[in-house]
Amino acid sequence: MYFIANWKMYGGLNSLNSLHKVNKFFKTFKKNKSLRIIYCPPNTLIRPMSKKLKKSNIEVGAQNCHEKDSYGPFTGSVNSKMLKNVGAKYVIVGHSENRQAGETDKLINQKIKSALRSGLKVIFCIGETLSQKRKKITNKVLNKQIKLGLNKIRNNSKVFIAYEPVWSIGTGVIPKSNELFTTINFIKKKIKKSKVFYGGSVNPKNINELKSIINIDGFLVGGASQDSKKFIDIIKKTYN
Ligand code: PEP
């Protein structure tokens, strides 16, 4: 199972102190053979976090990247090569918070290609809005996001899918188990052999319900991952 911590725009150098708890837990956790933990902090923390986790099996990723993998006059931007250079192994692309800020499927496709060229693994986020869910066009929306996002990418082996319904992110609301199972199945049929994660308000209280959905390969955890106790709790309960 994969557990991805998306710290979003939170955290300073002192936030790294909490990592030793997760590291200690990971080292002593008996079921750690199938357990993968990936931390995606803000770019400012990728280097110090990678150094801190050097001897651990916890991996580090970024939350976004520029679509170009060459240097260029793009003030404030960071590309996938630069992220790799400071220790990132993964990058999240297509998060709904960035889609809402104007990121298009075409741009997402360029970012994924660029990340793969740089040797990063990609956590590709897809998900429908509440109004799309109400219109019952979830599958149509996901199909389009997958098709355009992965356009002309022949080898998907380094692309993981994170299904994150927009209405579930940061709201405390999660999909009904049967609906989530069906949607994950739909995605798996579209992208064969790809691991599919669920993200949206995962916390220690709802993880028992979520872990019973057998086709989910991991969880993308936002808010709750900033608290290492909650994050460890989520992992422990998943394996219990
Ligand atoms: C996210 O932003 O990817 C996410 C899943 O957030 P949260 O867990 O806070 O809903």
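Leaving out ligands, DNA and RNA, what percent of the accessible area of the range 144-240 is carbon and sulfur, probe 1.4 Å? Of the solvent-accessible surface of the range 144-240, carbon and sulfur hold 50 percent. Volume per residue for the chain equals 119 cubic angstrom (convex hull of Cα atoms). Model label sites at Val173 and Ala101, defined 7 Å from Cα along the beta-carbon direction, differ in position by 2.4 nm. Under 5 Å from the amide H of Gly218 lie the amide H atoms of Tyr2, Tyr198, each residue being 5 or more positions distant or on a separate chain, with H modelled from the backbone and absent for Pro and chain starts.
Across the range 67-83, rounded Karplus estimates of 3J(HN,Hα) from the backbone phi angles (6.51 cos²θ - 1.76 cosθ + 1.60, θ = phi - 60°) give 6, 9, 9, 9, 6, x, x, 10, 4, x, 9, 9, 9, 5, 5, 5, 5 Hz, Gly and Pro being marked x.
Here is how the number arises for the chain: DSSP H runs of 4 or more residues each give -39500 (n - 2.57), the sum is divided by the residue count, and the result at 222 nm is -10500 deg cm²/dmol. Here the range 68-141 yields Rg over Rh of 1.06, to two decimals, using C-alpha coordinates and the Kirkwood radius.
Backbone amide hydrogens, once placed in the peptide plane, bring Gly127 within less than 5 Å of Glu164, excluding anything fewer than 5 places away on its chain.
Ligands, DNA and RNA are left out, and with a 1.4 angstrom probe the accessible area of the chain is 52 Å² per residue. When Rg and the Kirkwood Rh are both derived from Cα coordinates, the Rg/Rh ratio for the range 1-127 amounts to 0.98.
Given a Förster radius of 51 Å and the C-beta distance between Asn155 and Lys229 as r, what FRET efficiency does 1/(1 + (r/R0)^6) yield to the nearest 0.05? Efficiency computed from Cβ-Cβ geometry: 0.85.
So which helices of the chain fit the span-like rule, where a helix is a whole DSSP H run, its Cα atoms reach 24 Å or more along the axis, and its mean Kyte-Doolittle is at least -0.5? Taking the DSSP H segments of the chain (at least 24 Å long, mean hydropathy at least -0.5), we get none. Surface composition of the range 10-111: carbon plus sulfur atoms hold 52% of the accessible area, using a 1.4 angstrom probe and ignoring ligands, DNA and RNA. Of Lys89/Lys236; Lys30/Lys133; Lys54/Lys236; Lys133/Lys188; Lys51/Lys193; Lys144/Lys237, which sit over 29 Å apart, Cα to Cα? Too far apart for the 29 Å limit: Lys30/Lys133; Lys51/Lys193; Lys144/Lys237. For the range 58-113, chymotrypsin sites (Phe, Trp or Tyr not before Pro) are listed when DSSP marks them as loop and at most 16 other Cβ atoms sit within 10 Å of their Cβ; the list is Tyr71, Phe74.
The values are calculated or read from the model by the stated rules, or taken from the named source; none is laboratory data. Just so it is clear, the structure is predicted and the values come from calculations on it, not from any experiment. Don't worry about glycine lacking a Cβ; one is built from the backbone with ideal geometry, like all the others, and counts go over all protein chains shown. Keep in mind that these areas ignore ligands, DNA and RNA; they rest on the heavy atoms of the full protein, side chains included. Shrake-Rupley method; radii C 1.70, N 1.55, O 1.52, S 1.80 Å.
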